[in-house]
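I have placed the structure first, in the form of structure tokens, so that the comments after it can refer back to it.
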Amino acid sequence: MSLRKVFRTRKFSRSFKEAPAVGTAEGGVTGNGVEHAHEDGWSNMLPEILYEIVRRVDAAEELWPNRQNVVSCACVCKRWRDITREVVREPLHTGKITFPSCLKQPGPREVPHQCLIKRNKKTSTFYLYLALTQSFTDKGKFLLAARRYRCGTHTEYIISLDADDLSQGSNAYVGKLSSDFLGTNFTIYDSQPPHSGAKPSSGRASRRFASKQISPQVPAGNFEVGQVSYKFNLLKSRGPRRMVCSLKSPVTPFKTTGETSDSTSLDGHKMHDKEHAASGHTILKNKAPRWHEHLQCWCLNFHGRVTVASVKNFQLVATVDQSQPGGKGDEETVLLQFGKVGDDTFTMDYRQPLSAFQAFAICLTSFGTKLACE
């Protein structure tokens, strides 16, 4: 049986949430911990040959939807999954999004990831897609979804890997965004600790479950990883919103493949405690626009990625960046830009040190009226 036929005979996920966990794929580890060998012999292939097969697939299939073949390799059995983890590198080095863990890893250094956010006003739901073409009408590859909930005096956005299951009790839950009463101060929570030894945030708003933990495998709390604040415009002066973002324990560049650590990320990829436990913050602020006399409006150069004027549009640059030498940010390099291209369609482009999860959470803060800031 050829490798192509093996892929075709299996059902592989069309989104991240459907990818089986380690030990649950066919030929993986059963409940008693015994690994079953495939009758076709794929799990007994020589490591050198297996590594070369996965390496070639990874190199050939750079873009989605063809990149699902790399995920298919990880779904054959536990041994294939381990080899695939060794071959596939982080987005910081390759610019490729493959597994769910990539959504919480830094984006590429040079060319930013281009994404689209689709809004459904009726359900207060937002969908994040990886853009596969330059067209704003193409949906692209689904990455994350969020739904807005009104909780007493504050608002929460629940972020999930599953577009149809947006609850904190879901296994697809990855984090949330919580705002104050005025909608000017936001806190970003991660469902997993950002570094070894991190403790869940205290307070009712940060608890994942109202009662006891329902599963030992699911963290019972949320971990604060960042804050976003919009400055008040008391004088009602003309101009765009002003915002400041502070990200705790910023994700710094990963080491080369093969080095080990003790903590694991979203889908089991190894992370590095020393880098993630580094103290300090990454501080982002919106890039100041210029006043265009002829158009009589404030302007920013979005390089064709934003087509509709909106108070929601922004570009963020770093004043403090722990991923750079000396921790000093480059206030000319745009790390995240967000803007409107249709009634319910927005673009989101991000790069190192931001991850897709962080960038999406920051962009969600721009939705909603902020009378005190406009």
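The values are calculated or read from the model by the stated rules, or taken from the named source; none is laboratory data. Model, not experiment: these values are computed from the prediction. Cβ atoms come from the backbone with ideal geometry, glycine included; neighbour counts cover every protein chain shown. Keep in mind that these areas ignore ligands, DNA and RNA; they rest on the heavy atoms of the full protein, side chains included. Shrake-Rupley method; radii C 1.70, N 1.55, O 1.52, S 1.80 Å.
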At pLDDT 80 or above and either under 25 Å from A309 (Cβ atoms) or surrounded by fewer than 17 Cβ atoms within 10 Å (Cβ to Cβ) (or both): is that true of D165 in this structure?
yes
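Per-residue answers, yes or no, for (1) open to solvent by 10 Å² or more (accessible area, probe 1.4 Å); (2) without any contact (Cβ under 8 Å) to a residue 12 or more places away in the chain:
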position	(1), (2)
R79	yes, no
E90	yes, no
T98	no, no
R109	yes, no
Y127	yes, no
S135	yes, yes
All-but-one check, C102 against (1) more than 15 Å from the chain's Cα centre (by Cα); (2) part of a helix (DSSP H, G or I); (3) at pLDDT 85 or above, failing number (1)
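Quickly run through segment 330-348 and pick out the residues that are among the charged types (D, E, K, R) and within 17 Å of A309 (Cα to Cα).
First, the residues of segment 330-348 that are among the charged types (D, E, K, R): 330-332, 340, 343-344.
Listed by number, the residues that qualify are K340, D343, D344.
Name every residue in segment 183-239 that is β-branched (V, I, T) and either open to solvent by 90 Å² or more (accessible area, probe 1.4 Å) or modelled with pLDDT of 50 or more (or both), in order of residue number. Outline the logic, then answer.
From segment 183-239, those β-branched (V, I, T) are 184, 187-188, 214, 218, 225, 228; that's our starting set.
Scanning segment 183-239 gives T184, T187, I188, I214, V225, V228.
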Turns out the strands (runs of 3 or more DSSP E) fully within segment 279-360 with at least 2 residues that are modelled with pLDDT of 90 or more are 281-286, 314-320, 336-340, 345-350
Listed by first then second residue, the pairs whose first member lies in segment 62-75 and is part of a loop (DSSP other than H, G, I, E, B), whose partner is among the β-branched types (V, I, T) and open to solvent by 10 Å² or more (accessible area, probe 1.4 Å), with beta carbons under 9 Å and at least 6 positions apart or on separate chains, are E62/T94
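Given the options H154, H113, name the one that is in contact with a Phe, Trp or Tyr (Cβ under 9 Å, 6 or more places away or on another chain), over 14 Å from T365 (Cα atoms) and of a type outside the set (A, V, I, L, M). Break it down stepwise before answering.
On the way: H154 fails: over 14 Å from T365 (Cα atoms).
After ruling out the rest, the residue left standing is H113.
Which residues, counting only those in segment 116-125, are at negative phi and open to solvent by less than 50 Å² (accessible area, probe 1.4 Å)?
Kept after step one, since they are at negative phi, are these residues of segment 116-125: 116-123, 125.
Within segment 116-125, L116, I117, K118, R119, T125 meet the criteria.
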For R85, the lone unmet condition from (1) in contact with a His (Cβ under 9 Å, 6 or more places away or on another chain); (2) open to solvent by 10 Å² or more (accessible area, probe 1.4 Å); (3) closer than 29 Å to G304 by Cα is (3)
Only one of E48, E26 is modelled with pLDDT of 80 or more and either part of a loop (DSSP other than H, G, I, E, B) or open to solvent by 80 Å² or more (accessible area, probe 1.4 Å) (or both), namely E48
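Would you say T94 is surrounded by 12 or more Cβ atoms within 10 Å (Cβ to Cβ), modelled with pLDDT of 85 or more and under 21 Å from the mean Cα position of the chain (by Cα)?
Values: surrounded by 12 or more Cβ atoms within 10 Å (Cβ to Cβ): yes; modelled with pLDDT of 85 or more: no; under 21 Å from the mean Cα position of the chain (by Cα): yes.
Taking the combined requirement at face value, the residue does not satisfy it.
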| If you go through segment 155-162 one residue at a time, do you hit one that is open to solvent by 40 Å² or more (accessible area, probe 1.4 Å) and either more than 14 Å from the chain's Cα centre (by Cα) or of a type in the set (A, V, I, L, M) (or both)? | no
Here the qualifying pairs (Cβ atoms under 6 Å; residues six or more apart or on different chains; first in segment 156-167 and under 14 Å from R119 (Cα atoms); second open to solvent by 10 Å² or more (accessible area, probe 1.4 Å) and modelled with pLDDT under 95) come out as Y157/R148
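Here are A74, A145, A60: which of them is more than 16 Å from the chain's Cα centre (by Cα) and open to solvent by less than 10 Å² (accessible area, probe 1.4 Å)? Walk me through how you get there before you give the answer.
Values: A145 fails: more than 16 Å from the chain's Cα centre (by Cα); A60 fails: open to solvent by less than 10 Å² (accessible area, probe 1.4 Å).
Answer to the selection: A74.
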